[in-house]
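Engineer: Please read through the structure below; I'll follow up with questions.
The values are calculated or read from the model by the stated rules, or taken from the named source; none is laboratory data. None of these values were measured; they are calculated from a predicted model. For neighbour counting, all protein chains shown are included, and Cβ atoms are generated from backbone atoms with ideal geometry for every residue, glycine included. Side chains are part of the model used for accessible areas, which takes the heavy atoms of the whole protein and leaves out ligands, DNA and RNA. Shrake-Rupley method; radii C 1.70, N 1.55, O 1.52, S 1.80 Å.
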Amino acid sequence: MRRGITGLLAILLATVMVAAACGGDDEPTTAQPAPAPAPAADDGEAEAPAPAADDGAAEAPADAPSEPPPPPPPGAEDITAALVFDIGGRGDGSFNDSAAAGLDRAADELGVNTTESSPNPDGSNRAEMLQLSADGADLVIGVGFLFGESITDVAANNPDTYFGIIDSAPDGTDNLAGLVFAEHEGSFLVGAAAALKSTTGTVGFIGGVDIDLIRRFHAGFEAGAKTVNPDIRILDSYITEPPDFDGWFQPAEAKIIAQSMYEAGADVIYHAAGGSGAGLFEAAKEFSEGSGSKVWAIGVDSDQYNTSSEEVRPYILTSMLKRVDVAVYRTIEAVANGDFGSGTQVFNLAVDGVGYATSGGFVDDIIPELERYKEAIVGGSIVVPETTDRGGGEDVTAALVFDIGGRGDQSFNDSAAAGLDRAADFLGINPGEASPNPDGSNRAELLQLSADGADLVIGVGFLFGESITSVAENNPDTYFGIIDSFPAELPNLAGLTFAEHEGSFLVGAAAALKSNTGTVGFIGGVDIPIIRKFHAGFEAGVYAVDPNIEIIAAYVTEPPDFDGWSQPAEGKIIGQSMYEAGADVIYHAAGGTGAGLFEAAKEFSEAGDSKVWAIGVDSDQYWTSAEAVRPYILSSMLKRVDVAVYNTIEAVVNGTFSGGLTVFDLSVNGVGYSISGGFINDIIPQLEEFKQAIIRGDIVVPEETG
């Protein structure tokens, strides 16, 4: 049934049919504004900007009159309207709050009596809540399409009560109204805003749950962004898929997704994820403050600039206003006036059922352009799509062959895995992976096995250089990439290398700035030239802060013994000895061995009176490590293997792969440092000064130790 309604909605929007919202059958109608008084221009129109408190916030609906409202309908005080919220209830800062604003406005302006309730955390008592509300109300509105499973039955069993449901158009009776929105039209406008404001050419979308409804937000956003810039890159991710609907209230997960998108180059991200959006706002704030480059978030449903904490407001560019408050208010008003209409009613741009917020003034400079797009949509010259395909990589298979330790090493391999996972999420590719045996003797065999079924094979580590050239030569129709090496000039082979010394300089500076003892340490996994680059950069960063600081260094193994990447027990012993020798900050470039360093930092700190620190490597090891050791991980040197993997896969998807050497340095965020835990927040300005000096060339970081 919903697919049929969607098709009808597309026809309605394309022809912009504005009909009365009081039909008594199941034919969709488009909600029409009350004839008087005239609505305030609060949806971003350049010709008549709305006052700050009237720009689409839940507290001030878009159709609020510019003069005192007319007296309430006679007998309105005898009417009771009830809302049954979706999971999260009033206070979610998004969808439910927008509905609550319509209820509150009806109480204030119409004088109706109001009640409200929320389902239990799993939503299993939605039907019960509808029935309980119906026992004492003239109108009951279920806030969300998930009520569609039960509202038809409840409405049929209560013919003397009116019912409404947000975001659904179920088959029902004369006492049931489906209140739906043109979310794709409003999303088009914020997509256009994102592209107009982006300086990186990359934006992102986070959906709460991967369902048709949220795909409409996604489709509109994508259409708006690409109308402004056809070449814009759009990252997208959904938190959960049915039957798991927890994606509406997982802010921690949304924060992780947003962080990865910002790190991948996005500078504007739009969410349609309910309460999970709070995590996006936190990520925008932290990334902006940590990187020195401001990024933006876009809210949804209500004006989230006004419903969010003051700390994150400077990073909320705008919000897509889905005027649930308008739909709720007008439905209550219709009952009060005695002209309730059943059937499906559509709230689109033509009736200000959707729009965009202007709070904060961050889109003031682009309002004229956004208004031109709005007029084109309302006039029918732009028809906004309601569906979107996944990232376009469905026919591409990309395979990783990990180095020893494989996925789960909490370091180098896991960083590569994150890039593969992101490509699967954002681009829709088919991923594959393999790990060598403990001595790595079957690397060539795994490369060939992967090549037999993949379009792209990436060897994770320079040790694949011994075999990847011959495998690439024998498989000219397959693309290959290798991390940390460039063994041969072949058109189907890309060498993906990093400026590890530049990132290590920054964590070296952090170590020196945080040290109280004047002694710091470095642990390398294996004594080879690439690890010496980490060592050299760390040393240079330390000495740039304090030329007199003492640096203790040790390597776990030397070639041909490469077990130094996976000896946490040995890493713990070395870390303990360095802390006992006076070091209070130790940086490791030792793969899985680093877990032992973290344990040593925890145990030494807890056993004594002085806290000591560890610095991780490759991925943000604050998040990949056990919670017990996180308070002792000062930062991590981010070697963005995930960026290299993702970008290489994306090039294959886009048909732009090219062989040759690519270096991921500070200027392209190929390396960097993490700020998780907030332990270096006080020194970020100094680290950013060093970062910019390196990018400008004022500081040239050595690649070899002195």
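Engineer: Determine the order of 687, 132 by accessible area, beginning with the largest, at a probe radius of 1.4 Å.
Structural biologist: Order by accessible area, largest first: 132, 687.
Engineer: Given that compact globular proteins tend to follow 2.2 N^0.38 Å, what is the ratio of the alpha-carbon Rg of the range 424-521 to that value?
Structural biologist: 1.44
Engineer: Here is a further query. Between residue 563 and residue 381, what length in nm is gained on full extension when 0.36 nm per residue of separation is reduced by their alpha carbon distance?
Structural biologist: Separation in residues times 0.36 nm, less the Cα-Cα distance, equals 59.1 nm.
Engineer: Same structure again: Would you kindly calculate the translational diffusion coefficient of the range 556-607, applying Stokes-Einstein with the Kirkwood radius from alpha carbon pairs, for 10 °C and a viscosity of 1.306 mPa s, and quote it in µm² s⁻¹ without decimals?
Structural biologist: My calculation gives 145 µm²/s for D.
Engineer: Put +1 on the Cβ of every Lys and Arg and -1 on every Asp and Glu Cβ in the chain; which of 209, 332, 119 then has its Cα farthest towards the positive end of the dipole?
Structural biologist: 209
Engineer: Give me the three principal axis extents of the range 152-193 from the C-alpha atoms, as integers in angstrom, largest value leading.
Structural biologist: 46, 15, 13
Engineer: Pull up the DSSP beta bridges for the chain and report the antiparallel fraction as a percent, rounded to 5.
Structural biologist: 10 percent
Engineer: How large is the charge dipole for the chain, taken about the Cα centre, if only the Cβ atoms of Lys, Arg (+1) and Asp, Glu (-1) carry charge, to the nearest 20 debye?
Structural biologist: About 1040 debye.
Engineer: Kindly report, to the nearest 10 Å², the accessible surface of residue 602 as traced by a 1.4 Å probe over protein heavy atoms only.
Structural biologist: Using a 1.4 Å probe on the heavy atoms, I get roughly 40 Å².
Engineer: I've got another one for you. Of 368, 380, 393, which is farthest along the charge dipole of the range 361-418 in the positive direction, counting Lys and Arg as +1 and Asp and Glu as -1 at C-beta?
Structural biologist: 393
Engineer: How long are the semi-axes of the equivalent ellipsoid of the range 249-298, taking √(5λ) for every eigenvalue λ of the Cα gyration tensor, in whole Å from largest down?
Structural biologist: Gyration-tensor ellipsoid for the range 249-298: 17, 10, 9 Å.
Engineer: Two-decimal Rg/Rh of the range 544-689 from alpha-carbon positions, Kirkwood Rh?
Structural biologist: With Rg and the Kirkwood Rh in hand, the quotient comes to 1.03.
Engineer: Continuing with this model, one more query. Largest first, please: the extent of the C-alpha atoms of the range 77-146 along each principal axis, to the nearest Å.
Structural biologist: 34, 28, 16
Engineer: Volume per residue, Å³, of the convex hull around the alpha-carbon atoms of the range 257-326?
Structural biologist: Enclosed volume per residue, from the Cα hull, is 72 Å³.
Engineer: Assuming R0 = 56 Å, what is the FRET efficiency of residue 581 and residue 226, from their Cβ-Cβ distance, to the nearest 0.05?
Structural biologist: The computed FRET efficiency comes out at 0.45.
Engineer: Evaluate the Kirkwood expression for the hydrodynamic radius of the range 57-208, namely the inverse of the mean inverse distance over all pairs of different C-alpha atoms, and round to one decimal in Å.
Structural biologist: 17.1 Å
Engineer: Then there's this: Going by Cα centres, the range 386-450 and the range 642-706 are how many Å apart?
Structural biologist: Answer, in whole Å: 22.
Engineer: Right, here's the next one. Among 159, 176, 186, whose Cα lies farthest out toward the positive end of the dipole of the range 115-193, if unit charges sit on the beta carbon of Lys, Arg (+1) and Asp, Glu (-1)?
Structural biologist: About the Cα centre, the residue reaching furthest to the positive side is 186.
Engineer: Report, largest value first, the span of the C-alpha coordinates of the range 264-402 along each principal axis, in whole Å.
Structural biologist: Extents along the principal axes, in whole Å: 67, 43, 30.
Engineer: Between residue 698 and residue 661, how high is the FRET efficiency from 1/(1 + (r/R0)^6) when r is the Cβ-Cβ distance and R₀ = 22 Å? Nearest 0.05.
Structural biologist: After rounding, the FRET efficiency stands at 0.30.
Engineer: Keeping the other protein chains in place, figure out the carbon and sulfur percent of the accessible area of the range 552-648, with a 1.4 Å probe.
Structural biologist: 52 percent
Engineer: Any idea of residue 331's accessible area? Nearest 10 Å², probe 1.4 Å.
Structural biologist: 10 Å²
Engineer: Could you tell me what % of all Cα pairs in the range 189-297 have separations over 21 Å?
Structural biologist: Result for the distance tail: 29 percent.
Engineer: Evaluate the range 336-449: find the radius of gyration of its Cα atoms, find its Kirkwood radius, and give the ratio Rg to Rh.
Structural biologist: On the Cα set of the range 336-449, Rg over Rh gives 1.30.
Engineer: Please express the shape of the range 535-577 as an equivalent ellipsoid: the semi-axes are the square roots of 5 times the eigenvalues of the C-alpha gyration tensor, given largest first in whole angstrom.
Structural biologist: Semi-axes, largest first: 25, 13, 7 Å.
Engineer: Span-like helices, the chain: DSSP H, alpha-carbon axial extent 15 Å or more, mean Kyte-Doolittle 1.0 or greater, which ones?
Structural biologist: Membrane-span-like by this criterion, though nothing is claimed about a membrane: 2-15.
Engineer: Accessible area per residue of the chain at 1.4 Å probe, in Å²?
Structural biologist: Counting only protein heavy atoms, the per-residue value for the chain is 37 Å².
Engineer: Taking the Cα centroid of the range 103-129 and of the range 508-577, what is the distance between the two, rounded to the nearest whole Å?
Structural biologist: Taking the Cα centre of the range 508-577 as reference, the centre of the range 103-129 is 60 Å away.
Engineer: How charged is the neighbourhood of residue 541? Take every other residue with its Cβ under 11 Å from the Cβ of residue 541, and add Lys/Arg as +1 and Asp/Glu as -1.
Structural biologist: Once all neighbours under 11 Å are counted, the net charge is -2.
Engineer: Oh, and also: Students often get this wrong, so check it: of 294/602; 533/691; 294/611; 226/691; 255/374, which have C-alpha atoms separated by over 29 Å?
Structural biologist: Pairs exceeding 29 Å: 294/602; 294/611; 226/691; 255/374.
Engineer: Can you pull the accessible area of residue 310 for me, 1.4 Å probe, Å² to the nearest 10?
Structural biologist: So the heavy atoms of residue 310 present about 140 Å² to solvent.
Engineer: Now for a separate question. Could you work out the pair-distance distribution P(r) of the chain from its alpha-carbon pairs, with 20 angstrom bin width and percents rounded to whole numbers?
Structural biologist: 18, 43, 28, 11, 0
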